[in-house]
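Colleague: Here it is, the structure in full.
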Ligand SMILES: *[C@@H]1O[C@H](CO)[C@@H](O)[C@H](O)[C@H]1NC(C)=O
């Protein structure tokens, strides 16, 4: 079977140089858990932008997407030797290589910084929205889910792709739309290679400390402003009703008109 693949590759890459056709064979071993239990092997064949057939180890056989792909999938699936070989890749190549690879490298995984915050509050008829953001993690693969009173939330969840920060780190954002109920507990659960187990981050509806300090600073500023204006006003009033101080004469008379004219 391997020979067949190489033949196809050579033959079609010749086509590629002659006619500008594009043929791609892609084999991927994908996993996010350290124990390799979620390892998936994909073998994908693409011709001119169209994925026409693939093997997915979770399905265990070839699946076709075009007429040509369906025919190919059927003939690959008919061939038990081919199926056996390709089914063995998951263990014999993917897991085998990754297992040997880990001890030879420093573990480069970097924990995400996770933040849960409110994006939109409910007005009673429209749902509220929470955002769970994971920042600066490596490697790319991550899983973000939501728990409501300990149960995984199925509906109302949308998530961005893992976005590259351009410095080997990634970020991802997951949104939960829900109708709030009193006394409920909502948390965001993040699974990543850097964590030994899934980590849960609880949604805290009270405003974050930074917001509290902003409010405190704003409030003290307001109080200080009022105190100073009041002091200024009192001083101004006292001075304007006081004795004659030379240069102040023109303003004194006008102030007297404004504020103290009953005293004259
Ligand atoms: C696959 O096997 C079935 C049953 O033996 C046969 O009818 C069919 O023609 C085969 N398909 C291909 C594409 O070889």
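The values are calculated or read from the model by the stated rules, or taken from the named source; none is laboratory data. Being a predicted model, the structure only gives us computed values, none of them experimental. Here Cβ is always computed from backbone atoms with ideal geometry, including for glycine, and neighbour counts include all displayed protein chains.
Colleague: Inspect segment 30-41 for any residue being modelled with pLDDT under 95, more than 16 Å from the ligand (Cβ to nearest atom) and in a strand (DSSP E or B) and give the result as yes or no.
Modeller: Yes, segment 30-41 contains a residue that is modelled with pLDDT under 95, more than 16 Å from the ligand (Cβ to nearest atom) and in a strand (DSSP E or B).
Colleague: Exactly one of (1) surrounded by fewer than 17 Cβ atoms within 10 Å (Cβ to Cβ); (2) touching a residue at least 12 places away in the same chain (Cβ under 8 Å); (3) farther than 25 Å from residue 205 by Cα is unmet by residue 122. Its number?
Modeller: (3)
Colleague: Which one of 102, 96, 71, 135 is closer than 30 Å to residue 201 by Cβ and not in a strand (DSSP E or B)?
Modeller: 102
Colleague: Can we say residue 58 is more than 12 Å from the ligand (Cβ to nearest atom) and either in a helix (DSSP H, G or I) or modelled with pLDDT of 95 or more (or both)?
Modeller: Here the answer is yes, as residue 58 does meet what is asked.
Colleague: Can you pull out the residues in segment 42-55 that are within 16 Å of the ligand (Cβ to nearest atom) and not in a strand (DSSP E or B)?
Modeller: If the condition is that a residue be within 16 Å of the ligand (Cβ to nearest atom) and not in a strand (DSSP E or B), then no residue fits.
Colleague: Another question, then. I need the full set of residues from segment 68-101 which are out of contact with any helix residue (DSSP H, G or I) (no Cβ under 7 Å at 6 or more places or on another chain) and either at positive phi or within 12 Å of the ligand (Cβ to nearest atom) (or both), in order please.
Modeller: Within segment 68-101, 68, 69, 70, 71, 72, 73, 74, 75, 78, 79, 80 meet the criteria.
Colleague: Here's another thing I want to ask about it. Identify, please: which residue in segment 26-39 is in contact with a strand residue (DSSP E or B) (Cβ under 6 Å, 6 or more places away or on another chain) and surrounded by 14 or more Cβ atoms within 10 Å (Cβ to Cβ) and is, among those, nearest to residue 141 (Cα to Cα)?
Modeller: Going through the qualifying residues, I end up with 29.
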